[in-house]
1. Condition test on ALA271, is it part of a helix (DSSP H, G or I), modelled with pLDDT of 95 or more and crowded, with 18+ Cβ neighbours inside 10 Å?
2. Just the residues that are over 16 Å from PHE157 (Cβ atoms) and touching a residue at least 24 places away in the same chain (Cβ under 8 Å), please, taken from region 118-134.
3. Return a yes/no flag: does region 83-92 have any residue that is in contact with a helix residue (DSSP H, G or I) (Cβ under 8 Å, 6 or more places away or on another chain), more than 16 Å from the ligand (Cβ to nearest atom) and among the β-branched types (Val, Ile, Thr).
4. If I filter region 59-82 down to residues being over 13 Å from GLN110 (Cα atoms), surrounded by fewer than 20 Cβ atoms within 10 Å (Cβ to Cβ) and polar (S, T, N, Q), which single residue comes out as nearest to the ligand (Cβ to nearest atom)?
5. Does region 144-159 include one or more residues that are surrounded by fewer than 17 Cβ atoms within 10 Å (Cβ to Cβ), within 26 Å of PRO298 (Cα to Cα) and touching a residue at least 12 places away in the same chain (Cβ under 8 Å)?
6. Six or more apart or on different chains, Cβ under 7 Å: which pairs go from a residue in region 62-85 that's assigned to a strand (DSSP E or B) to one that's among the aliphatic types (A, V, I, L, M) and within 11 Å of the ligand (Cβ to nearest atom)? Could you list them?
7. Only one residue in MET24, MET37 is surrounded by fewer than 19 Cβ atoms within 10 Å (Cβ to Cβ) and either within 15 Å of TYR243 (Cβ to Cβ) or of a type outside the set (Asp, Glu) (or both). Which one?
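The values are calculated or read from the model by the stated rules, or taken from the named source; none is laboratory data. On a predicted model such as this, the values are computed, not experimentally measured, just so you know. Virtual Cβ from ideal backbone geometry, glycine too; neighbours counted across all protein chains shown.
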Amino acid sequence: RHYNFCAGPAALPTAVLERAREEMLDYHGRGLSVMEMSHRSPEFVAIAEQAEADLRELLAIPENYKVLFLQGGASLQFSMVPMNLLGQGGTANFLYTGIWGKKALAEAKQLGFAVHMAGSSEASGHTEVPTQAELALSSDAAYLHYTANETIGGLEFDYIPDVSVPLVCDYSSSILAEPLDVSRFGVIYAGAQKNIGPAGLTLVLVRDDLLDQRCQRIPSLFDYQAVAEAGSMVNTPPTYAWYLAGLVFQWLKHDIGGLEAMATINARKAAKLYAAIDSSGLYSNPIALRNRSRMNVPFVLADERLDKPFLAEAEEAGLLNLKGHRSVGGMRASLYNAVPEAAVDTLIDFMADFEQRRG
Ligand code: PLP
């Protein structure tokens, strides 16, 4: 297997894929694949419950939070969050630190909800997140939404905002990268396809007391309360993605040793790549040191004409998906949990070699 730096769908741990392959045709002697099981069968219900229990353990999720396994991606949460939290009125407040946060605000607005920008990194060109002191919520704020890690810009919050309204966070690209104090949040959501599992599954953690804030006219599939009551099985859930997410949680627990251990590895991977970029004359990253993402490392080459050869040679060296997002160009190395440290070492060696030859 090559080293995959894709921003999403992202690399999965090889050990997880191997286990899935072993269990693919005949799951635990049942004579069928997980893909072919009824979601209501005792076998699948056990898989689903184990996945939730492992996730609760990994993130130390308090009892008063529901864990929902949904579809529609993180993008559907841009609409579901206001539909579920603004039933009693009030304004959705947003911190704007990049493309995903902007989309979240736009979706709430599109549905006719009142929105307010409570902080922005726009003036810095999205290189520095607003500080706690700079946050200015509207007086009728129902919640504050922010994006923990902006996947495209490579901009990550270095603090959890301290506000008097429920905090809603899009954790799509950094959940499970380190321990997290879930009790600080009203809602956390994440598309699975970075640190959780394959695309097609979306994770939502919601605090119990927020379950009765929904708008009256809400489709039952979008209704957190209805989904929670049905154990995330209002309709057929993405069973295979759920199963694979469960294998990833097992891998984090048993192979990695939990989120503290994962955080140590992630910090090391990011630190060495940023150090390589900072010490080079060819590569650069503009983000303020305190807000540099540990998951997504964007960088540009001093001479744009070298982009194509850089990518072609990287691919030849087995280093895949280093092209930056189409909206910003340049390069981006995503260093999610499943990207091994050896991948980062190989990338750094390649970058140094390329600079020596072409820089
Ligand atoms: N939010 C963040 C931070 C993301 O990185 C992404 C996708 O890359 C999304 C939202 C959109 O996720 P989805 O494609 O699951 O809707």
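1. Numbers: part of a helix (DSSP H, G or I): yes; modelled with pLDDT of 95 or more: yes; crowded, with 18+ Cβ neighbours inside 10 Å: no.
Criteria not met by ALA271.
2. Across region 118-134, the qualifying residue is only GLY125.
3. The answer is no, given that none of the residues of region 83-92 is in contact with a helix residue (DSSP H, G or I) (Cβ under 8 Å, 6 or more places away or on another chain), more than 16 Å from the ligand (Cβ to nearest atom) and among the β-branched types (Val, Ile, Thr).
4. My answer is SER75.
5. Quick first cut of region 144-159, residues surrounded by fewer than 17 Cβ atoms within 10 Å (Cβ to Cβ) only: 158-159.
The next check asks that each one be within 26 Å of PRO298 (Cα to Cα); those that pass are 158-159.
Checking which are touching a residue at least 12 places away in the same chain (Cβ under 8 Å) leaves us with 158-159.
So far as region 144-159 goes, yes, one or more of its residues are surrounded by fewer than 17 Cβ atoms within 10 Å (Cβ to Cβ), within 26 Å of PRO298 (Cα to Cα) and touching a residue at least 12 places away in the same chain (Cβ under 8 Å).
6. Once the first residue is assigned to a strand (DSSP E or B) and sits in region 62-85, its partners that are among the aliphatic types (A, V, I, L, M) and within 11 Å of the ligand (Cβ to nearest atom) give PHE69/LEU201; PHE69/LEU203.
7. On the way: MET37 fails: surrounded by fewer than 19 Cβ atoms within 10 Å (Cβ to Cβ).
Unique residue meeting the criteria: MET24.
Residue-by-condition table, conditions (1) over 15 Å from GLY8 (Cβ atoms); (2) crowded, with 18+ Cβ neighbours inside 10 Å; (3) at pLDDT below 95; (4) in the same structural domain as LYS102 (by TED's automatic domain parsing):
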| position | (1), (2), (3), (4) |
| --- | --- |
| ASP307 | yes, no, no, no |
| GLU316 | yes, no, no, no |
| LYS323 | no, yes, no, no |
| SER327 | no, no, yes, no |
| TYR336 | no, yes, no, no |
| VAL339 | no, yes, no, no |
| VAL344 | yes, yes, no, no |
| PHE354 | yes, yes, no, no |
